[in-house]
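To start, the structure itself, in structure tokens.
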There are 2 protein chains.
Amino acid sequence: MPSVVLIGSVALDNVTTPAGERENALGGSATFSSYAANLFAPTGIVAVVGSDFPAEHIEAFRQRDIDISGLAIEDGPTFRWTGVYDGDMAQAKTLDTQLGVFADFKPVVPASFLDAPFVFLGNIHPDLQMDVLDQLANPKLVALDTMNYWIDSMPARLKQVIERVDLLFLNDAEARALTGQHNLFRAAHELIANGPEIVVIKRGEHGASVYTQRETILAPALPLKRFKDPTGAGDTFAGGMIGYLAAHGTLEADTLRNAALVGSVMASFTVEEFSVDGLARATRDDVQRRYDYLRKMVAFGPLC
Amino acid sequence: MPSVVLIGSVALDNVTTPAGERENALGGSATFSSYAANLFAPTGIVAVVGSDFPAEHIEAFRQRDIDISGLAIEDGPTFRWTGVYDGDMAQAKTLDTQLGVFADFKPVVPASFLDAPFVFLGNIHPDLQMDVLDQLANPKLVALDTMNYWIDSMPARLKQVIERVDLLFLNDAEARALTGQHNLFRAAHELIANGPEIVVIKRGEHGASVYTQRETILAPALPLKRFKDPTGAGDTFAGGMIGYLAAHGTLEADTLRNAALVGSVMASFTVEEFSVDGLARATRDDVQRRYDYLRKMVAFGPLC
């Protein structure tokens with residue numbers, strides 16, 4: 001039985017960045033988050049792909065011991081996203097989205113997943129996120145990711161879902177849009193007052209800030225010599241963080257702090273290469289090395 | 001004798017931000033950097049003001065024990081800068097610059113300053129920075145700040161100065177412009193290969209990254225509830241960092257790391273209020289409190 005269940009997309013991406021381009025690249029929130037989480041804890045995904053989805057990718061999930069009993073294979077094309085990053089690659093420009101079988105995605109959580117203590121609701125329609133919440137037994141932590149599209153088009157519905165989750169992932173622009181608060185500290189605390197105990201504000205190349213009622217954690221991003229493709233960085237961060245929390249089974253402050261740095265470390269593998277190429281080859285030793293390296297960059301001594 | 005000497009501007013600023021506006025506000029690189037540095041080490045400034053400069057500001061320098069024997073008072077108007085910040089206040093829009101007596105500023109380092117071990121060359125004409133360098137005896141550390149204007153208009157001359165300094169402060173856009181390297185890690189190391197041992201890349205609300213040949217230090221910015229005016233934040237960071245280094249008299253890695261966090265803490269006081277208002281009232285206890293607070297936000301434990 002997986003201790004982490006991740007609901008989201010499994011996609012084929014066409015991505016162009018200043019570092020090059022890639023067609024039919026494995027992508028999607030369930031993909032990146034599960035590749036990261038299962039380095040720490042048994043992980044299962046709930047997602048859908050089309051009949052055109054390459055068998056090699058399914059085999060790769062299996063090879064990584066990701067439980068794909070919740071991966072439906074439907075007649076029709078797999079979700080495809082085409083996007084471009086320019087300049088500092090801070091933001092993707094979407095050129096095309098073909099939902100394919102994802103348009104009718106009705107996530108069904110397999111019986112063996114229902115008692116999973118750690119759950120990640122990737123960025124999908126808030127109704128579907130709510131539907132998954134209703135299927136779950138009594139998870140210890142439900143984390144949710146969303147995007148501007150849902151914030152703009154159905155803020156009320158989204159807020160109903162957010163009320164029910166424990167951890168909310170969003171980027172700085174989304175936090176501002178959702179709360180109307182420009183100041184991120186205030187925005188995070190306004191969100192905390194309305195549901196989630198933990199708010200993670202992703203800041204791209206600047207890392208992420210984790211807010212709780214009592215604590216703020218600043219997880220820096222690893223300065224990288226090579227930066228090829230930011231696609232999936234946020235989902236990788238989320239998967240790494242949740243996987244680490246699941247491995248420790250606690251949300252205690254010190255664990256939460258380390259989990260945020262783990263998320264940052266995992267994201268560093270993703271952005272170094274296209275698709276999951278960097279993440280897929282990262283070992284626990286690699287994680288340990290980068291974690292120690294990053295930890296040292298912020299190892300401030302007492303003021304004297 | 002001051003152990004820190006700061007050469008730069010003392011200005012009167014007209015500043016408008018989303019939080020309000022202020023006219024005739026005390027500003028300038030020598031002002032902000034000295035207000036920060038002298039909380040840690042005896043500090044002197046080399047600058048010029050006009051005959052219109054309010055006596056209360058001169059008195060305030062004295063009250064803070066900032067050595068102003070290098071502050072020339074010339075006939076004519078004080079340097080005035082008028083600027084506006086919008087939105088996230090990441091960048092100022094300059095509406096007007098009146099150089100006044102600053103136009104003919106020829107920094108003369110007083111005899112009692114010549115042996116100062118720590119020197120900050122604020123953002124002024126590279127020729128003047130070079131001229132000050134020639135006046136100094138044998139400082140332990142010379143730090144330099146610059147801006148896009150000099151990078152664009154006299155890159156060759158600027159590079160000659162940079163070759164001679166130990167520590168270079170610049171923001172991310174300036175690092176990219178000066179090196180042609182988009183990747184900041186590579187840009188910093190290219191700069192290190194050409195002179196300074198230490199490169200500090202300021203990243204505004206995201207903090208600063210400090211690079212040496214062997215180390216990277218990530219100094220996060222303090223998440224603030226109140227953010228009124230970023231004017232002087234970079235100079236405050238520099239002053240705090242150099243003041244702390246001067247107090248310890250070493251550039252050893254652990255000291256450098258703490259110094260970077262001190263810079264970040266000092267900048268947090270500046271941006272909370274207009275002009276030097278926040279910085280001026282910060283005590284050593286306040287610094288200690290914020291340092292501990294910020295340090296805890298990045299106090300990651302070993303991975304287990």
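Things worth noting here:
- When only Cα pairs below 8 angstrom with a gap of at least 6 residues are kept, the stretch A:151-304 shows a relative contact order of 16 percent.
- A:LYS106/B:ALA111 FRET efficiency (R0 56 Å; Cβ-Cβ; nearest 0.05): 0.10
- Shape of chain B, Cα gyration tensor, a/c cut at 1.5: rounded
- Magnitude of the charge dipole, chain A, Cβ model with Lys/Arg +1 and Asp/Glu -1, debye to 20: 920 debye
- Residue order, fewest to most surrounding Cβ atoms within 10 angstrom, among A:TYR211, B:TYR293: B:TYR293, A:TYR211
- The stretch B:1-107 - Rg over Rh from alpha carbon coordinates, Kirkwood radius: 0.99
- The charge dipole of the stretch A:37-168, taken about the Cα centre with unit charges on the Cβ atoms of Lys, Arg (+1) and Asp, Glu (-1), comes to about 260 debye, rounded to the nearest 20.
- Shape summary: the stretch B:211-304 maps onto an equivalent ellipsoid whose semi-axes, from the alpha-carbon gyration tensor, are 23, 16, 12 Å in decreasing order.
- Sorted from closest to farthest, the other copies place their B:ILE58 label points 8.4 nm away, with each point set 7 Å from Cα along Cα→Cβ.
- Unsatisfied cross-links (Cα-Cα over 25 Å) in the set B:LYS93/B:LYS202; A:LYS202/B:LYS228; A:LYS106/A:LYS202; B:LYS225/B:LYS296; A:LYS93/A:LYS202: A:LYS106/A:LYS202
- Backbone N under 13 Å from the A:ASP285 label point (7 Å along Cα→Cβ), restricted to the stretch A:198-242: none
- A:GLU21-B:ALA55 pseudo-label distance in nm [points 7 Å out on the Cα-to-Cβ vector]: 7.1 nm
- Counting every pair of alpha carbons in the stretch B:121-206, the share spaced more than 17 Å apart comes to 41 percent.
- Overall shape: prolate for the protein assembly as shown, with the ratio a/c of the largest to smallest alpha carbon gyration tensor axis at 1.5 or above and a/b above b/c.
- Inter-chain Cβ neighbour count for B:218-231, averaged per residue, equals 4 (cutoff 10 Å, partner chain atoms only).
- Computed about the Cα centre, the dipole magnitude for the stretch A:91-187 is approximately 240 debye when only Lys and Arg (+1) and Asp and Glu (-1) carry charge, each at its Cβ.
- Nm distances between copies for B:ALA90, ranked from closest, using label points 7 Å along Cα→Cβ: 0.2
- Order of B:GLU205, A:GLU190 - criterion: other Cβ atoms within 10 Å of each residue's Cβ, fewest first: A:GLU190, B:GLU205
- Within 10 Å of the Cβ of each residue in A:206-216, the mean number of Cβ atoms contributed by other protein chains is 3.
- Span from the the stretch A:81-136 Cα centroid across to the the stretch B:42-102 one, whole angstrom: 54 Å
- Projecting the Cα atoms of B:HIS182, B:PRO2, B:VAL108 onto the charge dipole of chain B (Cβ charges, centred on the Cα centre) puts B:HIS182 farthest toward the positive pole.
- Distance from the stretch B:140-212 to the stretch A:250-264 (C-alpha centre basis), Å: 34 Å
- Order of A:SER268, A:SER275 - criterion: other Cβ atoms within 10 Å of each residue's Cβ, fewest first: A:SER275, A:SER268
- For A:ILE73, the distances from its label point to the matching points in the remaining copies are 8.6 nm, ordered from shortest, with each point set 7 Å beyond Cα toward Cβ.
- Applying a length cut-off of 27 Å (Cα extent along the axis) and a mean Kyte-Doolittle floor of -0.5 to the DSSP H helices of chain B leaves B:253-272.
- Selection from B:PRO54, B:TYR293, B:ILE192 lying farthest towards where the dipole of chain B points positive, charges on Cβ: B:TYR293
- Helix-only [θ]222 nm of chain A, DSSP H runs n ≥ 4, -39500 (n - 2.57) each, per residue, nearest 500: -11500 deg cm²/dmol
Where a number appears in this text, it was derived from the coordinates with a stated rule and is not lab data. Keep in mind that what you see is a predicted model, and the values were worked out from it rather than measured. Note that we place each Cβ from the backbone using ideal geometry, even for glycine, and neighbour counts take in every protein chain shown.
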